Amino acid sequence: MDEATGGGSKIQWLWGVASAAQMGLGVRSYIKGHAGDSCLMPLKAFTVASLFIGSAASASVLVLQANGIHGVDDLIEAGANLRAKLGLRPRTQNK
């Protein structure tokens, strides 16, 4: 599995750098404010919003991988474990 993801801590480091870089660019663009033609303002607002959303997505992947969740099956197992610890009954499968 490490070969597919590029190595354990190395890939986590890259996700962390990507998240920080996107957040930094988003904050810098937000602080810089409006400059130039006003008809491009919607595009600039979309760009800044995309940077913030990308930063949140990168940070989420970093947190998931740091907690040992590398696939959908791991996430389903973690959810089942959480439901068991909370004393909730398991979910039924509708097939």
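The values are calculated or read from the model by the stated rules, or taken from the named source; none is laboratory data. The structure displayed is predicted, hence computed values, not measured ones. A quick note on method: Cβ atoms are made from the backbone with ideal geometry, for glycine too, and the neighbour counts reach across all protein chains shown.
Before we move on, is LEU82 aliphatic (A, V, I, L, M), at negative phi, modelled with pLDDT of 85 or more and surrounded by fewer than 11 Cβ atoms within 10 Å (Cβ to Cβ)? So LEU82 fits the description; yes. Are any of the residues in the stretch 24-34 modelled with pLDDT under 85 and surrounded by 11 or more Cβ atoms within 10 Å (Cβ to Cβ)? Yes, the stretch 24-34 has at least one match. In the stretch 1-23, of all residues being modelled with pLDDT under 55 and part of a helix (DSSP H, G or I), the one that is surrounded by the fewest Cβ atoms within 10 Å (Cβ to Cβ) corresponds to GLU3.
For the stretch 49-67, the set of residues classified as under 20 Å from GLY33 (Cβ atoms) and either in contact with a Phe, Trp or Tyr (Cβ under 8 Å, 6 or more places away or on another chain) or of a type in the set (Phe, Trp, Tyr) (or both) consists of PHE52 only. Residue count for the stretch 47-77 satisfying the condition of being closer than 28 Å to ALA21 by Cβ, in a helix (DSSP H, G or I) and without any contact (Cβ under 8 Å) to a residue 40 or more places away in the chain: 17. Here LYS44 qualifies as assigned to a helix (DSSP H, G or I) and surrounded by 14 or more Cβ atoms within 10 Å (Cβ to Cβ).
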